[in-house]
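The structure appears below as C-alpha cells.
The values are calculated or read from the model by the stated rules, or taken from the named source; none is laboratory data. Given the structure is predicted, the values throughout are model-derived calculations rather than measurements. With ideal geometry, Cβ positions are generated from the backbone for all residues, glycine too; neighbour counts draw on all protein chains shown.
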Amino acid sequence: MPTSISTVISNALSERGPAITSPLASPLDRALELAEQALGGVAPRPPVGAVVVQGDAIVGEGSTEPRPGRHAERIALSTAGERSSGGTLYCSLEPHAFQGVAPPCTDAIIAAGISTVVSPLEDPNPSVSGNGFRQLKAAGIEVVRTALPEQLRRAELLAEGFAHHLKTHRPLVTLKLATTLDGKIATRTGESQWITNEASRFRVHEMRRRTDALITGIGTVLADHPRLTARDQHGTSIGRPLLRVVVDTRGRMPSDAPMLHEPGDILWVVAKDVEVTPPTNSVTVHHADLAEGRIDLTKLVELLGSRGLHNVMVEAGAELAGAFVDNGLIDKVAAFIAPKIIGDNGAPGPFSGTGASSLENALTLENVTHTVIDGDILVEGYVSKGG
Ligand SMILES: NC(=O)c1ccc[n+]([C@@H]2O[C@H](COP(=O)([O-])OP(=O)(O)OC[C@H]3O[C@@H](n4cnc5c(N)ncnc54)[C@H](OP(=O)(O)O)[C@@H]3O)[C@@H](O)[C@H]2O)c1
C-alpha cells in the first residue's frame, strides 16, 4: 500500500527540525497560502510564501517577515537545512536577485543546492523582473513557470499592492462600503450596527488583516467609537497590529476614543496650524496641508506611499468616502450589500461628495467579482481609470 503524503511528510520531519503542519494541497498552493499569511504589515516588502520539497515531503516553509526580518525563501531553506540539496523550491513570486536590506535570495537558493524552482510570477520590481530567474538558470537550476490560472491569479492578487506602488509610488486604495439594497448606510436615526451579517463582518476583519493601514474620518470616530482592529469570531486580534489613519482637520479626536487603547499605531492627521497633544505613545501627529479647508487627501495618499505602504483601506462615512471618490483616489472597491431595504429617503447613503453629473463620468468598476456571503453580496472591482 503506498505511503500517504502526510505520513511521508511527518516521517521526513521527524528526522530533523520542527514539525510543520502538512498541507494536502499542492506545494505551490501552500506557498500562496503562506504569502497570504504575510499580507498586512510587511510592506515595503511584497508578501511572499516559499516551500521546500524533498521527494514527496515538504521539509521547509516560510513567509516574508517585516523588515529587518528574513525573506520567505531564506526561512524555508534554513528550516529544510541539508534537505534543501537536490530539492524543489516553490515560491509565490520570483526570488529577488539584488542586495537590498536583505541579501539576494537567489544566492541562498544556489548555495543550498536547490535543483528546481517553481514560481508563477515575475517580480514587477525593475531591479528583479526576470533577473532572479535568469541567475537561477545560469547556475544550472531548472526554473518552472507553469501554474494553474487560479494559482497565477492568486499570485497576482498578492502582489497587486506592491506592483501598484512600484508604478505610482502610492498605495492601492480600497474603499470598503456596507449598504442595504437601497443603498443606505444607516437609518434616519443613525442606526447602522449592523447592516451586514456576521460572516460579512468577519470578512471585513480578514480584509483589515491583509491591509497595511486603515483610513477613517473623524466623523466615524465620533459617531461609532470604533476600535478599528482585525479580530476573529472570538474577538481575538488577528495579524500584525494595524496602522490607523484618522483624518481630522480640527483635531477633534477625543482622548478616550477606544481605538487609542488598541494595539497598533495611529497617524492623527490634522491641519498645519492645529495644536494637538498625542494622547498616547502610539499616536503620531501629522500636520497636513489643506485643500478647500480640509485635509488634502491626495497629499495624504502620497505621504502613505512615501512611507512604503502598499495597501490601504478606507472605512469612513459619507463625507470622507465621498471626498476620496471626488478626488479620484480610489483604486478598488469592496461593497458589501445586505438584502435589506430601509426605504426612507431621509436615511443616509455612502457618499456625500459632488459625484458625477452624467453616467459617462460615473466611477465605473472593471474586473468585477461577486461573492455571496450568507445572503449578503460582496461586489469587488477595480476603478476604471480610462473613463
Ligand atoms: N456603512 C459603512 O460602510 C460605514 C463605514 C464607516 C462609517 N459609517 C458611518 O458613517 C457615519 C459617519 O459619517 P461622516 O460622514 O460623519 O464621517 P467620516 O466620513 O468618517 O468623517 C468625516 C469628517 O472627516 C473630516 N475630514 C477631514 N478632511 C476631509 C476631507 N478632505 N474631506 C471630507 N472630510 C474630511 C471632516 O471633519 P473635519 O472637517 O473636522 O476634519 C468630516 O466631517 C457614522 O454614522 C458611521 O456609522 C458607515
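A few comments on the model shown:
- Among (1) more than 11 Å from the ligand (Cβ to nearest atom); (2) under 22 Å from the mean Cα position of the chain (by Cα) - the single one Ser255 does not satisfy: (2)
- For the range 88-111, the tally of residues that are surrounded by fewer than 23 Cβ atoms within 10 Å (Cβ to Cβ), among the small types (Gly, Ala, Ser) and within 15 Å of Gly60 (Cα to Cα) stands at 1.
- Residue in the range 309-325 that is surrounded by fewer than 16 Cβ atoms within 10 Å (Cβ to Cβ) and either in contact with an Asp or Glu (Cβ under 6 Å, 6 or more places away or on another chain) or outside any strand (DSSP E or B) (or both) present: no
- Qualifying residue in the range 350-364 (condition: within 15 Å of the ligand (Cβ to nearest atom), modelled with pLDDT of 95 or more and among the hydrophobic types (A, V, I, L, M, F, W, C)): yes
- Selected residue (only one of Leu304, Leu320, Leu309 is near the ligand (Cβ under 9 Å from one of its atoms) and at pLDDT 95 or above): Leu320
- Test: residue in the range 129-139 that is surrounded by 13 or more Cβ atoms within 10 Å (Cβ to Cβ) and touching a strand residue (DSSP E or B) at 6+ places or on another chain (Cβ under 8 Å): yes
- For the residues Pro103, Pro47, the requirement of being under 21 Å from the mean Cα position of the chain (by Cα) and closer than 19 Å to Asp123 by Cβ singles out Pro47.
- Among residues of the range 174-185, those that are on the phi < 0 side of the Ramachandran plot and within 11 Å of the ligand (Cβ to nearest atom), counted: 8
- Of everything in the range 212-228 that is assigned to a loop (DSSP other than H, G, I, E, B) and touching a helix residue (DSSP H, G or I) at 6+ places or on another chain (Cβ under 7 Å), the residue that is farthest from the ligand (Cβ to nearest atom) is Arg227.
- Scanning the range 48-60 for residues that are surrounded by 24 or more Cβ atoms within 10 Å (Cβ to Cβ) and not hydrophobic (A, V, I, L, M, F, W, C) yields Gly49, Gly60.
- Residues of the range 253-277 classified as part of a loop (DSSP other than H, G, I, E, B) and farther than 15 Å from Ile218 by Cα, total: 8
- The residues on offer are Arg209, Arg201, Arg240, and the sole one that is more than 12 Å from the ligand (Cβ to nearest atom), out of contact with any Asp or Glu (no Cβ under 6 Å at 6 or more places or on another chain) and assigned to a helix (DSSP H, G or I) is Arg209.
- Number of the condition not met by Pro171 [criteria: (1) out of contact with any Asp or Glu (no Cβ under 8 Å at 6 or more places or on another chain); (2) away from the ligand (no atom under 14 Å from the Cβ)]: (1)
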